[in-house]
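Written out below as structure tokens is the structure these notes cover.
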Amino acid sequence: MSAQVASISAQLTQQDLLVLVDDGSRAVCWETLQTVLPANYLCWSRLQGQGSSASFLQLLLCDAPEGQYYFLADQDDVWLPGKLEGQLASTPEHGMTVHGWQVWNLVDHHSSGAAALPMLDAKLQAMPLPQASVAHYFFETPAPGMTMCMGHVCRVQLQRWVAELVLWAATLPHDRILAAATSTIGPVCVLPTPWVLYRQHGCNLIGAPKEGVWGRLGQRLWRLRSMWRSLRAGAALYQALRALGAALPAAPWRLRLRSGLCDDRVARGLVWCAFVGRRRSEKTG
């Protein structure tokens, strides 16, 4: 974590504030961070863990002091030079930006810093997904949360919906929830520059690719099950925000929902089933 904090602190000015949160794990060694902390910082340790999605939503929409722009990060990524200044220049106050990232450290997640590993080749550079329709980001996350920067006006609007948004934190990742909700009130701008080193390994929420045929098959089956759950939750969130006044069409399955052609066809069918099932349950209930 110290490498990440150091990479962020190096870009902060006197106008910026760094907030570090230990979400109830008691695993953060605050003493080791003292030498890399910026001039302005807050260290919070929650009494009880909330889960990653709920923790990020609570921090961003409820706990964080008021500012002009808000960045997200977690302990698995390292900022590259130019991220803060470059992303601030492109982020509208009523929307958000996401940017590219560089995958690194696929094997050894105990490495202490970016300097310990060489940069990986360009094939492991990833780009955010451009928005294919007004419904797209409810069903596919454009980029990891650590690439996001949100403007103040956007945050204020999302705060009005916070009671609804946190309901889906147990099923959907925070970055999907934030991108989906933001896309209904302002632009989600895609920036190509890879401004973050993303350490993807077996302890990530996504996880590194499994070894062996059976391992990859099990991972694929798990992802199919996870996809169905997230599509159902995305459809429910879509309906909830539409009921709150978001300008969203009544039939999202008629729109592009995923970036991949095959995935999109499957997603449309499953979302249609989710909507029909929800309507039937509401009628019988």
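The values are calculated or read from the model by the stated rules, or taken from the named source; none is laboratory data. All values derive from a computational prediction rather than experimental measurement. So basically every Cβ, Gly included, is an ideal-geometry build from the backbone, and we count neighbours across all protein chains shown. Quick note on the areas: whole protein, heavy atoms, side chains included, nothing else; ligands and nucleic acids left out. Shrake-Rupley method; radii C 1.70, N 1.55, O 1.52, S 1.80 Å.
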I'd like the Karplus ³J(HN,Hα) series for segment 148-153: coefficients 6.51, -1.76, 1.60, θ = phi - 60°, whole numbers in Hz, and an x wherever there's a Gly or Pro. 8, 9, 10, x, 5, 4
Distant-in-sequence amide H partners of L191 (H built 1.01 Å from N, under 5 Å): V98, H99, G100
Distance in nm between label sites at Q157 and W272, each 7 Å beyond Cα in the beta-carbon direction? 3.1
Non-local amide H neighbours of Y41 (under 5 Å, H modeled in plane, Pro and chain starts lacking H): which ones? L18
Expressed in nm to one decimal, what extension gain is obtained for the pair C62 and N40 from 0.36 nm per residue of sequence separation less their Cα-Cα distance? 6.0 nm
Built amide H within the under 5 Å cut-off of C149, gap 5+: T97
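Which FRET efficiency, nearest 0.05, do R225 and R254 yield, Cβ-Cβ r, R0 30 Å?
0.70
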Would you list M127, M146 from the most to the least accessible area, probe 1.4 Å? M127, M146
Enter the accessible area of W44 (Å², nearest 10), with the probe set to 1.4 Å and all protein chains included. 70
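Residues with beta-carbon under 9 Å from that of H152, excluding H152: net charge, scoring Lys, Arg +1 and Asp, Glu -1?
Net charge around H152: -1.
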